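**Student:** Questions regarding the structure given below will be posed in turn.
The values are calculated or read from the model by the stated rules, or taken from the named source; none is laboratory data. Computed from a predicted model, the values in this text were never measured in an experiment. So basically every Cβ, Gly included, is an ideal-geometry build from the backbone, and we count neighbours across all protein chains shown. Note: areas computed on protein heavy atoms with side chains; ligands, DNA, RNA excluded. Shrake-Rupley method; radii C 1.70, N 1.55, O 1.52, S 1.80 Å.
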Amino acid sequence: MSAILDDSRGAPRFIADRMLGTLTRYLRFMGYDTLSANSLQGGNAAEDTVLLRIAENEGRILLTRDRELARRGGKQAILITDEDPVTQIEQLAALRLIHPELIMSRCSICNTLLRPASAEEIQQASYAPADRTAFEFSWCDTCRRLYWMGSHGRSLRQRLRCE
Ligand SMILES: [Zn+2]
């Protein structure tokens, strides 16, 4: 496991199976580089093998609800035991793989690193809160989507017992 943890940020990177869409989004909100099987083309009978290969090639930890896939992944894989995403986060925290902290540094939809939004990007987003001075805004260049830590982020932080 130490080789996997030893990337430039010291943070593990993940790839999650199709059952773990919510966990994937939570991990991205926590800043963890997390790929999802949901962004692979569907209907590939050998998808498990594809996931294992990506995990191996990119030094990612494979997160799966599938016992057989976890077995095939060996030390590279973690069997996620509960179906509740909050409990799943707790499992990874208990394994000391993650530190639950909502930093909103990645797009929850596509995993791209966010950058500070420009005044123009904030201005043009009709869904941004009216009081724009109270928040820090970030931007996903891939989805062209604005992010900020609003009430949704705060309730998520409480649910996930983040610091
Ligand atoms: Zn995005």
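**Student:** What Rg and what Dmax come out for region 104-163 when only alpha-carbon atoms are used, in angstroms?
**Tutor:** In Å, with Rg to one decimal and Dmax whole: 11.8, 34.
**Student:** A follow-up question, please. Spelling out what I want: for every residue of region 155-160, take phi, set θ = phi - 60°, compute 6.51 cos²θ - 1.76 cosθ + 1.60 (Karplus), and round to whole Hz; glycine and proline get x.
**Tutor:** Once rounded to whole Hz, the list reads 5, 5, 4, 5, 4, 8.
**Student:** Select from region 22-130 those trypsin sites (Lys or Arg not before Pro) which occupy a DSSP coil region and have at most 10 other Cβ atoms within 10 Å, ordered by residue number. Before the final figure, lay out the partial values.
**Tutor:** Details: sites: R25, R28, R53, R60, R65, R67, R71, R72, K75, R96, R106; in loops: R60, R65, R96.
Counting only loop positions with at most 10 other Cβ atoms within 10 Å, the trypsin sites (Lys or Arg not before Pro) in region 22-130 are R96.
**Student:** Rg and Dmax of the chain, Cα atoms, in Å?
**Tutor:** 16.7, 51
**Student:** What are the ³J(HN,Hα) values, in whole Hz, obtained from phi via the Karplus relation 6.51 cos²θ - 1.76 cosθ + 1.60 with θ = phi - 60°, for each residue of region 72-89 in sequence order, with x given for Gly and Pro?
**Tutor:** Coupling constants for region 72-89: 5, x, x, 5, 7, 10, 10, 7, 7, 8, 10, 8, 8, x, 5, 5, 5, 4 Hz.
**Student:** Another question, if that's okay. Between F14 and residues 5 or more places away or on another chain, which pairs have amide H atoms under 5 Å apart, with H built 1.01 Å from N, and which residues are they?
**Tutor:** Hits under the 5 Å cutoff: D33, T34, L35, I61.
**Student:** Also, quick follow-up: Take every DSSP beta bridge whose two residues both sit in the chain, then give the antiparallel share in percent to the nearest 5. Before the final figure, lay out each step's value.
**Tutor:** Values: 7 of 16 bridges.
Given both bridge residues lie in the chain, the antiparallel proportion sits at roughly 45 percent.
**Student:** I would also like to ask the following. Using amide H atoms built in the peptide plane, which far-off residues or other-chain residues are under 5 Å from F137 H to H?
**Tutor:** Those lying under 5 Å, H to H, from F137 are A117.
**Student:** For region 124-130, what does the Karplus curve 6.51 cos²θ - 1.76 cosθ + 1.60, with θ = phi - 60°, yield as ³J(HN,Hα) per residue in whole Hz, taken in order and with x for Gly and Pro?
**Tutor:** Per-residue couplings from phi come out as 7, 7, 5, 8, 6, x, 5 Hz.
**Student:** Right, something else. More than 14 angstrom separation, counting every C-alpha pair in region 66-115; what % is that? Intermediate values should be presented prior to the final figure.
**Tutor:** Working: 793 of 1225 pairs.
Percentage above 14 Å: 65.
**Student:** Skip the ligands, DNA and RNA, and give the accessible area per residue of the chain with a 1.4 Å probe, whole Å². Kindly include the intermediate steps, with their values, before the conclusion.
**Tutor:** On the way: 9160 Å² over 163 residues.
I get 56 Å² per residue for the chain.
**Student:** If amide hydrogens are placed 1.01 Å from N in the peptide plane, which non-local residues have theirs closer than 5 Å to the one on A77?
**Tutor:** Residues meeting the criterion, in which the H sits 1.01 Å from N, are L62.
**Student:** With all protein chains present, how much of the accessible area of region 57-130 (probe radius 1.4 Å) comes from carbon and sulfur, to the nearest whole percent? Walk me through the intermediate numbers first.
**Tutor:** Numbers: 2020 of 4100 Å².
Carbon plus sulfur share of accessible area: 49 percent.
**Student:** In deg cm²/dmol, rounded to 500, what helix-only [θ] at 222 nm does the chain give when every DSSP H run of at least 4 residues adds -39500 (n - 2.57) and the total is split over its residues?
**Tutor:** Details: 7 runs with 57 residues, N = 163.
Taken over the chain, the calculation gives -9500 deg cm²/dmol.
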